[in-house]
1. What about B:S167, is it among the polar types (S, T, N, Q) and under 28 Å from A:A104 (Cβ atoms)?
2. Could you grab me the full set of residues in segment A:47-71 that are away from ligand 2 (no atom under 16 Å from the Cβ) and either surrounded by fewer than 19 Cβ atoms within 10 Å (Cβ to Cβ) or under 22 Å from A:G204 (Cα atoms) (or both)?
3. Where residues in segment A:82-97 are among the aliphatic types (A, V, I, L, M) and closer than 24 Å to B:I138 by Cβ, which of them is nearest to ligand 2 (Cβ to nearest atom)?
4. Go through segment A:176-213 and report how many residues are within 13 Å of the chain's Cα centre (by Cα), part of a loop (DSSP other than H, G, I, E, B) and at pLDDT 85 or above.
5. Looking at segment A:71-175, what helices (runs of 4 or more DSSP H) fall wholly within it and have at least 3 residues that are over 23 Å from the mean Cα position of the chain (by Cα) and more than 14 Å from chain B (Cβ to nearest Cβ)?
6. Among the residues of segment A:214-245, which ones are of a type in the set (D, E, K, R) and either in a helix (DSSP H, G or I) or within 15 Å of ligand 2 (Cβ to nearest atom) (or both)?
7. Would you mention how many residues in segment A:22-35 are in contact (Cβ under 8 Å) with a residue 60 or more places away in the chain and within 16 Å of ligand 2 (Cβ to nearest atom)?
Amino acid sequence: MTPSTPEKAPDIAIEFDRVSKSFGQRNKKHRVLNDISFTIPRGLTTVIAGGSGQGKSVTLKLILGLLYPDSGRVLVDGINVPSLNKRELLKLRTRFGVLFQGSALFDSLTVFENIALPLRERTNMSEDEIRSRVMATLDQLELSGHEDKFPAQLSGGMKKRVGLARALQLEPEIVLFDEPTTGLDPVMTREIYQLFDSMQKQLGYTAVIVSHDIPGVFDIADQIILLNKGEVDVFTDVNEIIHSTKPYIREFAEMTMGDLFTRPEKEKCH
Amino acid sequence: MAETTIPPEEEPPALALPFIFLGDHVLYILTDLGRMGIFLFSALVGIFRRPFRFRELLKQLNFIGAGSLAVIFFTALSSGMVLGLQGYYSLHKFGAEGMLGSAVSLTLIMELGPILTALMVTGRAGSAMCAEIGIMRISEQIDALECMAIDPFRYLISPKFLAALISVPLLTAVFDIVGIFGGYLAGVGLMGVNSGSFLSGMQQSVTNHDIRLGVIKSIVFALLLVWICAGRGYLVQQIRGAGFGAESVSRVTTQAVVLSSISVLIFDYLLTAVLL
Ligand SMILES: Nc1ncnc2c1ncn2[C@@H]1O[C@H](COP(=O)(O)OP(=O)(O)O)[C@@H](O)[C@H]1O
Ligand SMILES: [Mg+2]
């Protein structure tokens with residue numbers, strides 16, 4: 001099914017081409033994405049930022065073919081995802097690793113079984129191979145000793161790490177993270193991002209991180225995509241955001257990373 | 001918060017509003033039926049997908065089948081005994097106590113066995129199934145399965161279908177036997193009906209046709225209850241008016257139990273009318 005000659009330059013992993021997406025019935029129609037286009041480079045970390053409800057998760061679900069756009073093309077390696085049939089879609093998804101917003105761990109399975117699941121279901125590895133592989137990952141992510149616990153017995157940060165471990169088992173080319181640090185304290189947040197960064201550098205996958213965790217996540221971003229009211233802006237540097245002249249970007253920047261501006265005159269009370 | 005809402009192209013005339021409302025609802029019902037149809041089809045196809053999850057099937061058989069034995073036993077015993085007493089009371093008026101065995105066993109095999117078993121299993125296992133799948137849906141566990149390219153039907157839904165299709169007819173058989181025993185206890189043990197006439201009445205009146213009707217009913221009911229309960233849970237986010245989060249799961253579970261019970265009762269009538 002994969003065409004040998006992708007129609008896009010090889011350094012682009014994902015491309016949105018004039019994509020629109022709305023929800024709701026006719027007179028309560030709510031347009032989440034309005035004719036947006038952007039590209040995500042291969043082997044780097046792209047952050048999709050934006051306020052709550054701006055369509056960040058919808059963007060990820062479009063990439064995975066869990067939702068369909070109303071118009072436009074979503075290209076992964078030049079393949080238009082919405083045009084794939086069910087079998088082709090399943091095949092495409094084997095190239096993705098996904099860490100969901102709420103970790104989406106299977107709560108009736110232990111940590112070990114959660115991480116082993118993709119290996120058991122998708123590969124022919126023996127139970128011994130699976131065991132050693134999972135244990136190695138657990139070790140790498142500092143989860144050793146927790147393999148027999150159930151997700152409900154884990155802390156927020158541990159759940160994220162188990163989710164990451166599970167997402168990385170099948171050696172994905174593209175890893176999607178949906179708000180991976182929601183509900184974590186700032187110290188844990190920084191640790192998780194450092195972990196993501198080192199895993200990404202080590203494995204070389206294309207990382208797409210959805211976050212409203214700003215500016216923290218910008219430290220590890222090679223590119224930033226800002227979603228706002230159905231529109232999209234692309235930046236390659238935090239400074240571009242800070243020095244942007246567009247009023248809504250300034251507003252977003254001041255709202256989310258006021259501390260970066262270090263303006264003493266802007267006190268809380270006045 | 002900040003959401004882009006597109007105003008409708010133009011206000012429809014007031015006269016058109018009832019039709020828009022009606023059309024909208026009809027469309028929703030058709031879409032919903034369509035989704036349920038696709039769900040049923042995928043679940044049935046999933047039964048034949050490899051690799052087969054034998055351990056999951058055993059787990060579900062244990063939950064739906066073995067787990068329901070106690071409740072089936074007591075329901076069957078008490079309804080059988082009531083049938084025995086009630087039957088005796090009616091038949092006694094005509095001096096036809098000898099027909100008690102026949103009346104009790106036919107009622108149980110053709111009617112009460114399949115229907116009460118299906119209702120009990122809906123209440124006990126169907127609701128749990130709906131809530132479990134609904135929670136997996138809203139916590140994105142089903143999306144996660146799809147993202148790992150694991151077919152959620154083969155992995156999660158189809159074993160439940162198969163387990164229900166196997167256990168409900170067996171539970172119905174248990175219900176029938178325990179119920180008839182209850183009828184015997186009440187009629188023969190308490191009211192003093194002749195044991196031989198109870199048993200021979202039963203033997204003479206119950207035909208293969210009656211048993212077949214009971215079996216067909218139990219299979220249809222099993223399919224109905226697992227389809228509706230699992231399907232409503234699976235589609236929890238697409239059900240209009242269900243709301244969000246934990247509340248949507250609880251609403252949809254209630255709705256599934258009601259829908260499934262009503263469908264069982266309606267199909268009971270239809271099957272009886274067609275097959276009797
Ligand atoms: N399956 C869906 N059905 C209807 N509306 C949806 C659906 N998914 C998302 N939305 C709506 O789309 C908007 C964007 O959602 P989302 O992408 O989840 O936001 P976020 O940027 O916070 O991740 C929200 O207003 C949400 O209500
Ligand atoms: Mg989101």
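The values are calculated or read from the model by the stated rules, or taken from the named source; none is laboratory data. Since we're looking at a predicted model, the values are computed, not measured. Virtual Cβ from ideal backbone geometry, glycine too; neighbours counted across all protein chains shown.
1. No, not satisfied.
2. Answer for segment A:47-71, where residues must be away from ligand 2 (no atom under 16 Å from the Cβ) and either surrounded by fewer than 19 Cβ atoms within 10 Å (Cβ to Cβ) or under 22 Å from A:G204 (Cα atoms) (or both): A:Y68, A:D70, A:S71.
3. Among those residues, the one meeting the criterion is A:L89.
4. Total meeting the criteria: 3.
5. A:127-140
6. If the condition is that a residue be of a type in the set (D, E, K, R) and either in a helix (DSSP H, G or I) or within 15 Å of ligand 2 (Cβ to nearest atom) (or both), then A:D219, A:E240 are the ones that fit.
7. Matching residues across segment A:22-35 total 2.
This table checks each residue for (1) farther than 22 Å from B:I135 by Cα; (2) within 16 Å of ligand 2 (Cβ to nearest atom); (3) small (G, A, S).
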site	(1), (2), (3)
A:E173	yes, no, no
A:D178	no, yes, no
A:T182	no, yes, no
A:P186	yes, no, no
A:D197	yes, no, no
A:G204	yes, no, yes
